Amino acid sequence: MPSPRAASSPELQEALAETASGIKTTIETMLPLNDTPENKLVEAMRYATLEGGKRIRPFLVIESAKLFGVDVMRAKRVAAALEFIHCYSLAHDDLPAMDDADLRRGIPSLHKKYDEATAILAGDALLTLAFEVIAEPETAVDPYVRCELTTLLAKAAGMHGMVGGQMLDLIGEKESFDVGQISRLHRMKTGMLMAFACEAGAVLGRADETRKKALRNYAFDLGLAFQVTDDILDVEGDPKETGKSKGKDEAAGKSTFVTTLGAEQAKMRAEMLVAQAVRHLHVFDNRADILRAFARYVLERRA
Ligand code: GRG
């Protein structure tokens, strides 16, 4: 059994920093500024994608792909596509019709920096660009691999995934949810994109079903643990570190893991989920240690 590294291991910090800088370069290349009259749209897309962010989804794509010896350039393309979808969802979530947030990643949210219409269009364009990037032959030579990635990403981002989860989240502002309903909401809203991140590496690497499933299950438990810590940070986090104001869930009247379980039980649940996530990785040797370390980092994160 491979030994898990400490959450704050230098290897993990290094891998996260390397992902952040690599993905920034990839995104910059995919979003070149131009001198067309509509260039404001590209500027807004760059603002939404290049100003901070932990890049954990790209990290998961790249590290999962490494397990199967995938060419890092191809993994980075899928990672960028996924980050485009993540960033579009944040920009739309911040709009007045949804979360009405003035700040994102410690700076003005997209509609505050530009305007609502531009934020909607930039989000739409990022969503579309994600599928363009996946569909291009540079992402995978084999068209079946590209089709599988397209289908998985569409399912993860759409009505039975992130968007469906967001709908439930809005309903949850008016109705009270129990822990089962909250878990389902977050499995859809956060877990599905995380699952895509990990499974995409396996698809690119033509992994067998056992390994694909192990990564998918790891990601779902990790995604849920991530959300539990998000709920805890909403109550206990430092806005200077989280980049967003405190107590937003309570102000919106949302049922969260903290409001339903209490902070202590919520922390125990996060620990249990992380332990479970790590157990799913037993089919991999110590090359998956970085994913094991990452699961532990989720428990300790301050942002
Ligand atoms: C508007 C279709 C639509 C969906 C919005 C992702 C989402 C769905 C809303 C964001 C609000 C939220 C708290 C989601 C839970 C998942 C989460 C903690 C997202 C933030 O992800 P991080 O922490 O963000 O990875 P960074 O800024 O690091 O990229």
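Structure above, values below:
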| quantity | calculated |
| --- | --- |
| Considering residues of region 105-131 that are outside any helix (DSSP H, G or I) and farther than 30 Å from Leu204 by Cβ only, the residue modelled with the lowest pLDDT | Gly106 |
| Top-ranked residue of region 44-70 - restricted to ones that are without any contact (Cβ under 8 Å) to a residue 60 or more places away in the chain and among the charged types (D, E, K, R), ranked as farthest from the ligand (Cβ to nearest atom) | Arg46 |
| Members of region 229-238 that are more than 20 Å from the chain's Cα centre (by Cα) and closer than 21 Å to Pro108 by Cα | Asp238 |
| Residues of region 223-275 that turn out to be part of a helix (DSSP H, G or I) and hydroxyl-bearing (Ser, Thr, Tyr), as a count | 4 |
| Flag for Ala275 being in contact (Cβ under 8 Å) with a residue 12 or more places away in the chain and either surrounded by fewer than 18 Cβ atoms within 10 Å (Cβ to Cβ) or aliphatic (A, V, I, L, M) (or both) | no |
| From Arg287, Arg292, Arg216, residue being modelled with pLDDT under 95, away from the ligand (no atom under 16 Å from the Cβ) and either touching a His at 6+ places or on another chain (Cβ under 9 Å) or assigned to a helix (DSSP H, G or I) (or both) | Arg287 |
| In region 152-193, the residues that are within 22 Å of Ala135 (Cα to Cα) and more than 9 Å from the ligand (Cβ to nearest atom) | Leu152, Leu153, Ala154, Lys155, Ala156, Gly158, Met159, His160, Gly161, Met192 |
| Residue list for region 167-187, restricted to those being part of a helix (DSSP H, G or I) and either without any contact (Cβ under 8 Å) to a residue 12 or more places away in the chain or among the small types (Gly, Ala, Ser) (or both) | Met167, Ile171, Gly180, Ser183 |
| Among the residues listed as Ala97, Ala101, the single one being more than 14 Å from the chain's Cα centre (by Cα), in contact (Cβ under 8 Å) with a residue 40 or more places away in the chain, within 11 Å of the ligand (Cβ to nearest atom) and not in a helix (DSSP H, G or I) | Ala101 |
| Check on Ile134, free of Cβ contacts under 8 Å to residues at least 60 places away in the same chain and in a helix (DSSP H, G or I) | yes |
| Pair list, Cβ < 8 Å and 6+ apart or interchain, from region 140-157 residues that are outside any helix (DSSP H, G or I) to residues that are buried (at least 16 other Cβ atoms within 10 Å of the Cβ) | Ala140/Arg74; Ala140/Arg146; Ala140/Leu149; Ala140/Leu204 |
| Residue match in region 21-28 (condition: surrounded by fewer than 22 Cβ atoms within 10 Å (Cβ to Cβ), away from the ligand (no atom under 16 Å from the Cβ) and under 20 Å from Ala219 (Cβ atoms)) | no |
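The values are calculated or read from the model by the stated rules, or taken from the named source; none is laboratory data. Bear in mind the structure is a predicted one, so any value in this text is a computation, not a measurement. Every residue, glycine among them, receives a Cβ derived from its backbone with ideal geometry; neighbour counts consider all protein chains shown.
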